[in-house]
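Engineer: Let me begin by handing over the structure; questions about it come next.
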Amino acid sequence: MSTKTAGSSSVKKLDVKKISILAMFTALGYLCLFIFRFKVSFLTLEFKDVFITLSGFVYGPLAAAGVALAETLLELVTLSDTGFWGALMNFAGSAAFAVTASLIYKFNKSYKGAVIGLIASVFCMTAVMLLMNIIVTPIYMKTDVNTVVKMIPKLLLPFNLVKSMLNASIAFIIYKPLSQAFKAAGLIPKGEGSFTVTRRSVIGLLIALAVIVGSIVMIFTFFDGSRFEIVKQ
């Protein structure tokens, strides 16, 4: 077998594995829609962005965008009751979150890079979703822009902040252990060093847990309880 043929076979094998892993991340994100999916007014709180972001941490921002698109289309044809406009909002939010985090992490594959990427993703997703709400929500709800703008301080801003902070915190907690397990199984490429428990990682874990608890408390106290409901499948 020539070197060229062997190289081509190796690339094809790698591509098949990559596609399989990205499909697995897509499936895990989709599964989240059945396990953790809640309604706050006309908005939906779920955690699929965790796995979209993890796919970007492993394979880069383009992979994150691809998984975000696959998730959006899968949700559109199976679970969504908001049609095209809801799908557009879903993709914009997921892509803004996951691509931002994975792009920063791509150029700084370290603990610090992951933290900066996830923090940036919170602000980027919140900003993008507020902009999309102003543009799309009036069309979807058949209302005027001023009505939507009045929703920003009491609903849209706190909701998107809570949603993005929850996704960022969960992604931060599970990324390293999950990636190390995948590396040990030979499912993803070996990159940076092995995961080790340090004082810094413990502090980061405690902060992430605190953010999760605080966000959950905010969900049940800040938002009107009558508008909070589990989505029935």
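The values are calculated or read from the model by the stated rules, or taken from the named source; none is laboratory data. Being a predicted model, the structure only gives us computed values, none of them experimental. Methodologically, a virtual Cβ is constructed for each residue, glycine included, from the backbone with ideal geometry; neighbour enumeration extends over all protein chains shown.
Engineer: I need every pair where a residue in region 103-116 that is under 20 Å from I170 (Cβ atoms) has its Cβ under 8 Å from the Cβ of a residue that is modelled with pLDDT under 95 and of a type in the set (K, R), sequence separation at least 6 or different chains.
Structural biologist: Here the result reads Y111/R200, each pair linking region 103-116 to a residue that is modelled with pLDDT under 95 and of a type in the set (K, R).
Engineer: Please go through region 45-82 and pick out each residue that is among the β-branched types (V, I, T) and closer than 16 Å to A96 by Cβ.
Structural biologist: First pass over region 45-82, keeping only residues among the β-branched types (V, I, T): 50, 52-53, 58, 67, 72, 77-78, 82.
Once the filter is applied, which keeps residues that are among the β-branched types (V, I, T) and closer than 16 Å to A96 by Cβ, region 45-82 yields V50, I52, T53, V67, T72.
Engineer: Say we look at region 178-217 and pick out the residues that are at pLDDT below 75, closer than 16 Å to M24 by Cβ and aliphatic (A, V, I, L, M); which of these is nearest to the chain's Cα centre (by Cα)?
Structural biologist: Top of the filtered list is I188.
Engineer: Taking the options A127, A92, A98, A120, name whichever one is farther than 30 Å from R200 by Cβ, at pLDDT 95 or above and not polar (S, T, N, Q). Show your work before the answer.
Structural biologist: Working: A127 fails: farther than 30 Å from R200 by Cβ; A98 fails: farther than 30 Å from R200 by Cβ; A120 fails: farther than 30 Å from R200 by Cβ.
Only one candidate qualifies: A92.
Engineer: Now a separate question. Can you give me the number of residues within region 26-35 that are over 13 Å from T72 (Cα atoms) and touching a residue at least 40 places away in the same chain (Cβ under 8 Å)?
Structural biologist: 1
Engineer: Select, from F36, F51, F25, F57, the only residue that is at negative phi, of a type in the set (A, V, I, L, M, F, W, C) and modelled with pLDDT under 80. Outline the logic, then answer.
Structural biologist: Working: F51 fails: modelled with pLDDT under 80; F25 fails: modelled with pLDDT under 80; F57 fails: modelled with pLDDT under 80.
Sole residue among the options that is at negative phi, of a type in the set (A, V, I, L, M, F, W, C) and modelled with pLDDT under 80: F36.
Engineer: Residue by residue through region 119-134, note down the ones that are farther than 22 Å from K39 by Cβ and surrounded by 15 or more Cβ atoms within 10 Å (Cβ to Cβ).
Structural biologist: Passing the criteria: I119, A120, S121, C124.
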